[in-house]
Amino acid sequence: MNLIDFEKINPEAILLIHNIKIGKLKGSFDIAHQALQILKNVINSYQWKNAQELLETIRLHGEVLVSSLPNEVVLANITRRILKVIRDEFILLQIKINQYSDDAQTCLSLHKLVKQNSDFEFNLDFTTPQIGLKKHIIDHIQEIETELETSSDNISVQAKEHVHSSEVILTIGLFHSVENFLKKAIKERQYLTIIIAECAPYCEGHNLAANIAAPNVDVVVIPDSSIFAMMSRVNKVIIGTHCVLANGGLRASCGSYTVALAAKHYSVPVIVLAPMYKLSAMYLRSYEQDAFNLVGPAGSVIECNSLGPNISRTFSPIFDYVPPELVTLFISNMGGHSPSYVYRLLTELYHPEDKI
């Protein structure tokens, strides 16, 4: 990246990268919300003359964020989402200017037809100044912001449709969407048994158990080695994920693959809670996982002073890849979807030319 490119970057974006790297800002929701606010400020404050300049500015910010934090895929997701908004709003204004229709509903239906005809978009000149474009873009981003803030609540509301009384549920790790979902299920149902794999080495399952404890629920925390033994008693598996890949696979907490395999063996449905901002256009590039995974400190797995020098190499992977054939259902803030439907959601959220 050239120095002149960094001179065009909003200082808030650099601060966001710093805060994430030092661990001051954690969690996909907080990172996505902060990135959305920064890109919104870029649209408001930067002196851009047309849609093409704005697309280039937003894309530049996205490239800096993603290259600095390649494993925080929500940064790329939010950037692609805003690039799609800019394109769509420009096209809608062009349709109105060309007097295809003054009726808003007809205009929207025409827009759907336009999106199916790539030749129309290729003929558009995004360097044409457009009056009112900024206002329309900001209004649309406000809708995305509201969707982001209400995504967890919209997912948890669906708990009563998928969880029934006296069921045995297994989960792993600590995700706020899963925590809120289980709390809602506990509130709606008379009695539940929730088995939580501790998700070593950080043992986040203990925190989840403490957070959802209630009189009408039996919470059982088990070591990860007992997942297969307990799966025969389970009615359904409910887990969270770091992101949903373009093929419907998951980048989830380490141990999720073990859970999914055990569930497959016992024909237990696997339900994944994933808000739309976690839906990524990224594919699994390699099973070697060099660009896919993160490695935590080995000291969390085994004490270094218990081994002599150069005796072993110890790895502590942060994520697991869970293939789409092991997932039964995705529940997002827009409802339930099968893994095979992910490609359709991608076309609605992102434009194929916006590669970050």
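Read-outs: derived from the displayed coordinates by stated rules, not from any lab. Please read these numbers as outputs of a predicted model, since none were measured by experiment. Cβ: placed from backbone, ideal geometry, glycine included. Neighbour counts: every protein chain shown.
A few points about this structure:
- Cβ-based charge dipole, region 157-349, positive-most Cα from PHE181, GLY335, ALA197: GLY335
- Other-chain or far-sequence residues with amide H under 5 Å of GLU198's (modelled H): ILE222, ASP224
- Gyration tensor over the Cα atoms of region 157-349: the corresponding equivalent ellipsoid has semi-axes (square roots of 5 times the eigenvalues, largest first) of 27, 23, 14 Å.
- Contour excess over end-to-end distance, with Cα ends at THR128 and VAL221 and 0.36 nm allotted per residue: 27.5 nm
- Coordinate range along principal axes, alpha carbons of region 35-78, Å, largest first: 33, 18, 14
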